[in-house]
Amino acid sequence: MEALDSLLALAPDPTLVLHTDGTVRAANELAAELLGYEHADDLAGLPAAELLRSTDGEGVARRRDGSEIQVETATARRGDAVIVSVRDATERH
C-alpha cells in the first residue's frame, strides 16, 4: 500500500482507487480536498456511488456537506482495482 500512496501523492488530479466492489480503497489529498474531506484516509471504505455519478466522462461529485459539483472523470482498470481521476468542471458548465 505504501507504493500506492506514493503514486497517489504524485498524481496531478484528484484520484480515487476503488475495490471491485465499488468502495474506495485509497485516495489522494487532492480528492479529499475536492470532496470536502479533511484527509484522504477519510474516504477509504466509502461507496464510490455515493461520491460520484459519471457517464461518458462527465458527471457529478457529491461533497461531504451534500453539495454537488460538476466533474470530468477518467477511469482505468488495473488488476483488481479501478482508478478514477476526477477534475472539477464547475466553471466549464
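The values are calculated or read from the model by the stated rules, or taken from the named source; none is laboratory data. These numbers were taken from a predicted model, which means no experiment stands behind them. Methodologically, a virtual Cβ is constructed for each residue, glycine included, from the backbone with ideal geometry; neighbour enumeration extends over all protein chains shown. Each accessible area value is taken on the protein alone, full model and side chains, heavy atoms only, with ligands, DNA and RNA left out. Shrake-Rupley method; radii C 1.70, N 1.55, O 1.52, S 1.80 Å.
Estimated from helices alone, the mean residue ellipticity of the chain at 222 nm is -5000 deg cm²/dmol (sum of -39500 (n - 2.57) over DSSP H runs with n ≥ 4, per residue).
In the context of the full set of protein chains, residues of the chain present 62 Å² of accessible surface per residue (probe radius 1.4 Å, heavy atoms only). Charging the Cβ of each Asp and Glu at -1 and of each Lys and Arg at +1, and nothing else, the dipole of the chain about its Cα centre rounds to 280 debye.
Short-range pairs are left out: with C-alpha atoms under 8 Å and at least six residues apart, the relative contact order of the chain is 25 percent.
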